[in-house]
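Structure, as structure tokens:
The values are calculated or read from the model by the stated rules, or taken from the named source; none is laboratory data. It should be emphasised that the depicted structure is a prediction, and the values quoted were computed from it without experimental measurement. Note that each Cβ is placed from the backbone with ideal geometry, even for glycine, and that neighbours are counted across all protein chains shown.
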Amino acid sequence: MAKKSNSLTYEVVKGLWNENPVLIQLLGLCPTLAVTNSAVNGVAMGLATTFVLLCSSILISVIRKIIPAQVRIASYIVVIATFVTVVDKFLAAYTPDISKALGAFIPLIVVNCLILGRQEAFASKNNVGRSILDGIGMGIGFTWVLTLLGMIRELLGEGSIFAISIMPESFNTWLVMILPPGAFLTLGIFIGLSNWINERRVN
Amino acid sequence: MKLLSFKKGIHPKEFKYFTCNKQTEVLSIPDEVCIPLQQHIGAPCNPIVEKGDEVKTGQIIGRSESFVSSPVHSTVTGKIKTIDSYLHPAGTKTQMIKIQRTGDDDWQLLDVPKNWQLASTDELKSIVNEAGIVGLGGAAFPTHIKLAPPEEKKIDSFILNGCECEPFLTSDHRAMLEMTDEVLDGMAIIMKVLGVKKGYIGIENNKPDAISQITRKIQKSDYNFTVIPLKVKYPQGAEKMLIEAVLKRKVPTGGLPMDVGVVVNNVGTAIAVANAVIDGKPLVERIVTVSGDGVTEPKNLMTRIGTSFQKLIDECGGLKEETTTVYMGGPMMGISQWDLSVPVVKATSGIVCRTDKSTNGTSYPCIQCGTCVSACPMFLLPTKLARYSEHKLLEEANKTGILNCVECGSCAFVCPSNIPLVQWIRIGKLKVGEMVRSKN
Amino acid sequence: MKTSAKMIIVLTVIATLSGGILSFWNGITAPKIKENRLKVLKKAISTVLPKYDNYEELKLSEEITLYIGKTLKEETVGFAFKAKGNGFSPDLTLMVGILPDFSALTGIEILEQTETPGLGNKIEDDEFREQFVGLLMGIEPNIAVVKNRKPKNPQKGIQALSGATISSKAVVFIIIEQVKIVQNLYNQKMAGI
Amino acid sequence: MEEKVIKNDVKVKPKKNPKDKLFKLDRQPLIISSSPHLNTTDSVPKIMWTVIIALLPAVVLSIYYFGLPALWMMSTCVISAGLAECLMNKLKGEEFTIPDGSAVITGLLLAMTLPPSFTLTSAIIGTVFAIVIGKHIFGGLGFNIFNPALLGRAFLQACFPVAITTWTFPKTDVYLSKIVDGVTAATPLGLFKFEGETSDLFNMFWGNIGGSLGETSAISIIIGGGFLLIKKYADWRIPVSYLGTVFLFGAIMWWINPKYPDPTFHLLSGGLMLGAFFMATDMVTSPITPKGAWIFGIGAGILLVVIRLFGGLPEGVMYSILLMNAVTPLINRYTRPKFFGEGSK
């Protein structure tokens, strides 16, 4: 492959900030906005997505050479859908509360453009090792943003983090933060801040 | 009675009191004049004299073959000193002829018929052309072209522009009072040339003495002109505004007054026409208002073209110590001067000297107050145009009508944020004009 | 020709594998999921009915199943059933407990709701739900929903949640409507037997 | 670099830049500037401070009716608005813009829209949101799409929906003795929407009703608003079309079904007066074209009545104005006045 290859460490690290799926690539914003009303949901969504991402990346990287280009998207979708269903059933069986909270957004991981995007952009062009590293990096990058979003929204919206009360009793919770507009606001500020930081780093 | 006017526009403070009651004084003929070869819109003239030549007052010293042009005359009797480029009051350096006066006026007059009323239209037109008459209101458009509209444009009305809506300026006001006969004769000549029966004189209501004087003279004469007192409003003197106010006709966008069958001329132009046709005198002098709080003794001066600003200002007692700005023309559209050696040109209606420091306060961002929109007499959106110009959105600017701007400056005048709106629009207009031309 | 054959083969293989994995996984998780659901249902029934020892299911229609709570002495202590309707947002599902003669409520539980967090979703709070215990239904129930104060007669009125009057009213409305339907169905069923 | 070249290319001659002075020997240099050389005396700070003065009657009356809490509320909002403004100036590295008065107006207007019993810390959150997100994130004065005060209020409404709809009665209220706990009261609109009770129009006119600080007394707003209209610092078309539409539309609905409140009630209740005279007329967020101003007012009026009569909320002033704010750029675009002479002949 003529493409210049990054160091192995960078394949993992890039997902955390430089090519962060949410902040930089703006991928997978739908679940980011929808389920981050608490830290637990953020973590769960992040981990579920990471699992699907990682598994699909491995599988697709393995079979990348035998899939004809014409049906690659269809194949990816089937692979991804399989893993998503596995996660969905798992959560419903063992953590029914989280399953209820995340609702339709777990099945919707199938159409999360982050996952399909990584298959198309990375796993289908790189070997298994790199695909694993990329999947891990992107997954962690996705998870930490969702978790932080969830933490902030939960802190302001409910006065707690991971359901542990933090704020004093007198704190008036900001209802909007656990509503969809709060997600837009927080994410907007997040992306704005990350752009600001990157700009300052460049200068 | 409700006074006629156009829609929108502004009401700047007038400041006419400096000079409006002062009899015009004749400025002594200067020892040296500097005559720009371009004092009009159109092609510049070529010198037809050489260094060292003797010239008479009124002798043509420069002319051009192109259609849109107007000859220039020597305004003194003397000897050509140099032909070189000097600073023009418009701010650029242009070719000028410097003439050293050698003695009293020795006039070289034009050939004129004994009775202009019997003369042919073409004869009159050529006299106007030879006399180097241009629009003396400030635009300096060659008058003989205005007097020769294309066949298909039927002209039915003539309006004499006596609005003088710019603050400070009183030269037209004084001319109407002191040279009423010439004004009316000049107007009659122009109307004869145009073959127009209906003549109107539009005068802003802040000159009641001029209105009554002209009305009286018309009653005594055979002329059948209508004097129309107008509401005091800026830019009443802009052709399109004046036509709307007087005749309720709207000049179409991108059109000229003749598209609605009207020709408009300034009071000063009428006087120049009368002088040329009746006395054979080319345009060598005009009334210049020297005014403002920056000059010791404001005056109206009958001045030879080519006299330096410095001489006029000296005649008025010189600039005050605290004077900060001097501009040619009124404060709304006048051009700043930094060197007072520049000569009076045909379009110099006034020299205004100010000590005012408040012309520019702090600038604020546009707060979308819409004041400029309600001021713009051309019904444009100045704030948008300025923004488009600033960001080089020329297509947008063109669509939003930037070329319709008459640059009257009303928008910048009213802007509470002190944004240089008309200034940006001027730049935009230039660029859009270029763009449009390059497309065609 | 060759590529299309390859396409078909590859897709078929992937789809088959996927189906296999999923059916295997479903086999593991399905019982667990069913168990979870049952747990939720049981908990809801026990919340809305007074003390009972076991319950029977009675299918009234395609959608409505009546859970009849009975003591060991076969004494019926109350009925419970699911009531669906729209709140401020759609899809509000309640578990309603009522005395066997349909005269008064014995309690309610919110099974599913998508009301506004922090406002409408306070219908889940005990404080709000407990107001429904002992609420008189009668033939033409007349329940007042009042704002900012306690109802004059706690058996005939509910204090709305502040800021969520619509959700509060919706709960009352769903209950009134569904109780009537269930009562009719039950009476028909009894008469039919 | 490229950027800079372009900038210089079209740079306007600075009006008064001492470096541009060209020296003439015997006297101080003359200043070069491009015409016009005259300016009105109006300036942005003058407009802003006049608006603040116009708000004073309402401020005084609200302090009279609600006592010191009203004063605390307003001063808290104004001060925190000022501090937030300074903070943003500092972060953006620009000059302090407190003197232009716009931050003070935002703070004051926001305070006027809050109930007197609202907690001060929450009010600070709203004010900071209004200034930081509502104004500076959009680019500062003149660039914001939404009225910052209303945006702040909308944020508070979303954050603390219960607290912001809990009103106290004015201390002079004649009905006070009837209130059992004496803490909460409903606004006339709330009473109408949820209880079907009408309120005394006379009390509504003078402000002797429950409600937010600035929305109770119609008369004080009319005095201040009238002053603004006379000074021409507010476009008369907006309040006229806004109030007129509410009255007309309200009257039609009342005529169709008398269970809806009568149009006078619509005019005097809620924040309509405050909104019509001080919020909708906010220059930055309202259309610049005359026709646009009519559309803006009529649109807001229709939205208001629709929200009040058919919406879930008793009051619709805030959302009606914010929604019209959102379409203002569009209105500006499609209501360009006909150029002088356009289409003639």
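Being more than 13 Å from every other protein chain (Cβ to nearest Cβ), within 30 Å of D:GLN157 (Cβ to Cβ), loosely packed, with under 14 Cβ neighbours inside 10 Å and of a type in the set (S, T, N, Q) is true for just one of A:SER165, A:SER194, A:SER170. Which residue is that? Just one listed residue meets the conditions, A:SER165. Please tell me if A:LEU149 is surrounded by fewer than 22 Cβ atoms within 10 Å (Cβ to Cβ), within 13 Å of A:THR36 (Cβ to Cβ), modelled with pLDDT under 95 and hydrophobic (A, V, I, L, M, F, W, C). Criteria not met by A:LEU149.
I'd like the residue in region A:35-48 that is in a helix (DSSP H, G or I) and within 14 Å of another protein chain (Cβ to nearest Cβ) and, out of all such residues, is surrounded by the fewest Cβ atoms within 10 Å (Cβ to Cβ).
A:ASN41
Return yes or no: is B:PHE413 in contact (Cβ under 8 Å) with a residue 24 or more places away in the chain, within 9 Å of another protein chain (Cβ to nearest Cβ), assigned to a loop (DSSP other than H, G, I, E, B) and closer than 28 Å to B:GLY162 by Cβ? Considered against the rule, which asks whether it is in contact (Cβ under 8 Å) with a residue 24 or more places away in the chain, within 9 Å of another protein chain (Cβ to nearest Cβ), assigned to a loop (DSSP other than H, G, I, E, B) and closer than 28 Å to B:GLY162 by Cβ, B:PHE413 comes out as no. Picking from residues in region A:49-73 that are in a loop (DSSP other than H, G, I, E, B) and of a type in the set (Lys, Arg), the one that is farthest from the chain's Cα centre (by Cα) is A:LYS65. Hey, could you check region C:93-124 for residues that are within 14 Å of chain A (Cβ to nearest Cβ) and in a loop (DSSP other than H, G, I, E, B) and say which is modelled with the highest pLDDT? Checked region C:93-124; the qualifying residue modelled with the highest pLDDT is C:GLN113. Screening region B:1-46 for residues that are surrounded by fewer than 14 Cβ atoms within 10 Å (Cβ to Cβ) and hydroxyl-bearing (Ser, Thr, Tyr) and picking the one that is farthest from the other protein chains (Cβ to nearest Cβ) gives B:SER28.
This table checks each residue for (1) surrounded by 24 or more Cβ atoms within 10 Å (Cβ to Cβ); (2) without any contact (Cβ under 8 Å) to a residue 24 or more places away in the chain.
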| residue | (1), (2) |
| --- | --- |
| D:LEU201 | no, no |
| D:SER241 | no, no |
| D:VAL246 | yes, no |
| D:MET253 | no, no |
| D:ASN257 | no, yes |
| D:PHE278 | yes, no |
| D:LEU304 | yes, no |
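Every condition in (1) more than 25 Å from C:TYR52 (Cβ to Cβ); (2) without any contact (Cβ under 8 Å) to a residue 40 or more places away in the chain; (3) away from every other protein chain (no Cβ under 14 Å); (4) not in a loop (DSSP other than H, G, I, E, B) holds for C:PHE173 except the one numbered (2).
Do we find a residue being within 14 Å of chain D (Cβ to nearest Cβ) and out of contact with any helix residue (DSSP H, G or I) (no Cβ under 9 Å at 6 or more places or on another chain) anywhere in region B:233-240? Checked region B:233-240: at least one residue is within 14 Å of chain D (Cβ to nearest Cβ) and out of contact with any helix residue (DSSP H, G or I) (no Cβ under 9 Å at 6 or more places or on another chain).
Condition check ((1) among the polar types (S, T, N, Q); (2) part of a strand (DSSP E or B); (3) at pLDDT 85 or above) across all residues:
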| site | (1), (2), (3) |
| --- | --- |
| C:GLU140 | no, no, no |
| C:LYS152 | no, no, no |
| C:GLN155 | yes, no, no |
| C:ASN187 | yes, no, yes |
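Of the candidates B:GLY306, B:GLY330, the single residue that is crowded, with 24+ Cβ neighbours inside 10 Å, small (Gly, Ala, Ser), at positive phi and touching a Pro at 6+ places or on another chain (Cβ under 8 Å) is B:GLY306. The single condition among (1) away from chain D (no Cβ under 14 Å); (2) surrounded by fewer than 17 Cβ atoms within 10 Å (Cβ to Cβ) that A:ILE106 does not meet is (2).
Considering only residues in region C:179-193 that are crowded, with 19+ Cβ neighbours inside 10 Å and not aromatic (Phe, Trp, Tyr), the one that is nearest to D:PHE160 (Cα to Cα) turns out to be C:VAL179.
Scanning region D:310-322 for residues that are surrounded by fewer than 18 Cβ atoms within 10 Å (Cβ to Cβ) and assigned to a helix (DSSP H, G or I) yields a single hit, D:PHE310.
Look at A:ALA39 and say whether it is of a type outside the set (S, T, N, Q) and touching a strand residue (DSSP E or B) at 6+ places or on another chain (Cβ under 7 Å). Answer is yes for this residue.
A quick yes/no check of all residues on (1) at pLDDT 90 or above; (2) within 24 Å of A:ASN37 (Cβ to Cβ); (3) touching a strand residue (DSSP E or B) at 6+ places or on another chain (Cβ under 6 Å):
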site: D:PHE146; (1), (2), (3): yes, no, no
site: D:LEU150; (1), (2), (3): yes, no, no
site: D:ARG153; (1), (2), (3): yes, yes, no
site: D:ALA158; (1), (2), (3): no, yes, no
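Every test in (1) modelled with pLDDT under 90; (2) under 26 Å from B:PHE18 (Cα atoms) is passed by B:ASP222 save one, and that test is (2).
Among the residues of region B:354-371, not a single one is among the acidic types (Asp, Glu) and either under 22 Å from the mean Cα position of the chain (by Cα) or more than 9 Å from chain D (Cβ to nearest Cβ) (or both). C:GLU127 meets all of the listed conditions (1) away from every other protein chain (no Cβ under 13 Å); (2) in contact with a strand residue (DSSP E or B) (Cβ under 7 Å, 6 or more places away or on another chain); (3) over 21 Å from C:LEU38 (Cβ atoms); (4) not hydrophobic (A, V, I, L, M, F, W, C) but one, namely (2). You will find that of D:GLY270, D:GLY343, the residue that is part of a loop (DSSP other than H, G, I, E, B) and surrounded by fewer than 20 Cβ atoms within 10 Å (Cβ to Cβ) is D:GLY343 and no other. For A:ILE136, the stated conditions hold: it is modelled with pLDDT of 90 or more, hydrophobic (A, V, I, L, M, F, W, C) and part of a helix (DSSP H, G or I).
Of everything listed in (1) away from every other protein chain (no Cβ under 12 Å); (2) outside any loop (DSSP other than H, G, I, E, B), the single unmet condition for D:ASN325 is (1).
The set of residues in region B:139-170 being without any contact (Cβ under 8 Å) to a residue 24 or more places away in the chain and within 14 Å of another protein chain (Cβ to nearest Cβ) consists of B:GLU152 alone. Filtering region A:83-103 down to residues that are in a helix (DSSP H, G or I) and over 18 Å from the mean Cα position of the chain (by Cα), which residue is surrounded by the fewest Cβ atoms within 10 Å (Cβ to Cβ)? This residue is A:ASP97. Of all residues assigned to region B:74-87, at least one qualifies as being under 22 Å from B:GLU315 (Cα atoms), of a type in the set (A, V, I, L, M) and crowded, with 21+ Cβ neighbours inside 10 Å.
Could you please give the count of residues in region B:322-352 that are within 12 Å of another protein chain (Cβ to nearest Cβ) and either assigned to a loop (DSSP other than H, G, I, E, B) or more than 18 Å from the chain's Cα centre (by Cα) (or both)? The number of residues fulfilling the criteria is 15.
Look at region B:239-254: where a residue is in the same structural domain as B:ILE402 (by TED's automatic domain parsing), no partner that is β-branched (Val, Ile, Thr) and in a loop (DSSP other than H, G, I, E, B) sits 6+ places away or on another chain with Cβ atoms under 7 Å.
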